[in-house]
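Okay, so here's the structure we're looking at.
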Amino acid sequence: MDGFLFGVVWLGTFSGDVVREESRLIRVAATRSQAIWRWEADQVAAQPDRYLSVCSAGDAFPFNRHFFAPIEDLQRPLTQLEVSITQVNAYELHVNVRAQAYAYFACDRAPRSHPVQRQPL
């Protein structure tokens, strides 16, 4: 995609706090890869209870995140998932899953005979 797009980057904790968040217009030529953001090390304070995420408006590029420790060393509190299921019609269910903290490895087990649409909150 040539032109400008809107991106958001944030530093969060697995307990649900946002430590830092910034948004800006980004310009990247089609089929190119380049650095689009820079924070100094003291602005990030990388720790095993934190992660860095980036996303774009309109899914111009895929959501991505970076962990500051190997998966087995991440400091993640246990959290309960709140799940509600609403039947829309004979062929469609709406499933809402919420958590008060980062829920890593949460997944659904729905058969994939029909496309699944995920809508982040």
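The values are calculated or read from the model by the stated rules, or taken from the named source; none is laboratory data. In this text, all values refer to a predicted model and were calculated from it rather than measured experimentally. As a convention, Cβ positions derive from the backbone with ideal geometry for all residues, glycine included, and neighbour counts pool all protein chains shown.
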Open item on the list: When the residues of region 49-70 are narrowed to those that are under 24 Å from Ala29 (Cα atoms) and in contact with a Phe, Trp or Tyr (Cβ under 6 Å, 6 or more places away or on another chain), which ends up surrounded by the most Cβ atoms within 10 Å (Cβ to Cβ)?
Closed with: Cys55
Task: Of the criteria (1) in contact (Cβ under 8 Å) with a residue 12 or more places away in the chain; (2) under 30 Å from Phe4 (Cα atoms); (3) within 17 Å of the chain's Cα centre (by Cα), which one Asp59 fails - done: (1)
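Going by the conditions given, is Phe14 loosely packed, with under 13 Cβ neighbours inside 10 Å and among the hydrophobic types (A, V, I, L, M, F, W, C)?
Numbers: loosely packed, with under 13 Cβ neighbours inside 10 Å: no; among the hydrophobic types (A, V, I, L, M, F, W, C): yes.
So Phe14 fails the test.
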Task: strands (runs of 3 or more DSSP E) within region 1-102 that include 2 or more residues aliphatic (A, V, I, L, M) - done: 4-13, 18-27, 50-56, 81-89, 92-99
Task: Selected residue (only one of Ala69, Ala41, Ala35 is out of contact with any Gly (no Cβ under 9 Å at 6 or more places or on another chain), closer than 16 Å to Tyr102 by Cβ and without any contact (Cβ under 8 Å) to a residue 24 or more places away in the chain) - done: Ala69
- [ ] Please go through region 71-99 and pick out each residue that is within 20 Å of Gln47 (Cα to Cα) and surrounded by 12 or more Cβ atoms within 10 Å (Cβ to Cβ).
- [x] Leu74, Gln75, Arg76, Pro77, Thr79
Open item on the list: Can you confirm whether Leu25 is more than 13 Å from Gly7 (Cα to Cα), at pLDDT 85 or above, of a type in the set (A, V, I, L, M, F, W, C) and in contact with a Phe, Trp or Tyr (Cβ under 7 Å, 6 or more places away or on another chain)?
Closed with: no
Open item on the list: With the requirement that a residue be touching a strand residue (DSSP E or B) at 6+ places or on another chain (Cβ under 8 Å), closer than 21 Å to Leu52 by Cβ and at pLDDT below 80, what does region 87-111 give you?
Closed with: Tyr102, Ala103, Ala106
